């Protein structure tokens, strides 16, 4: 598997993965110590150094269920604005022949 699966944590309940070119997005449902669930969204971008060493730049957003409705509404509003203003064609994809966009689910350490 990949390094993400190797670092599987006990409090991860559900994971969806979206590979988008050099970026990968992880949508992880995790459990708090109190037994409630929350969502982490992680963007991971692969970097290859001059000597060939590989590193990953990561950014995370933590979302708690009390914020889901407002977050979803604002996300959808921003996404609709972008599509309305710029259309659905992605300019950067036209310039990147190696662009690959796929998503999958990880359960019990296995891709589905």
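Here is how the numbers come out for the structure above:
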| read-out | value |
| --- | --- |
| Given (1) surrounded by 10 or more Cβ atoms within 10 Å (Cβ to Cβ); (2) under 27 Å from residue 37 (Cβ atoms), index of the condition residue 69 fails | (1) |
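Yes or no, residue by residue, for (1) at pLDDT 95 or above; (2) surrounded by fewer than 10 Cβ atoms within 10 Å (Cβ to Cβ):
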position: 42; (1), (2): yes, no
position: 49; (1), (2): no, yes
position: 52; (1), (2): no, yes
position: 56; (1), (2): no, no
position: 61; (1), (2): yes, no
position: 73; (1), (2): yes, no
position: 76; (1), (2): yes, no
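The values are calculated or read from the model by the stated rules, or taken from the named source; none is laboratory data. Treat the numbers as computed from the prediction; the structure is a model and nothing was measured. Glycine gets a Cβ as well: all are built from the backbone with ideal geometry, and neighbour counts include every protein chain shown.
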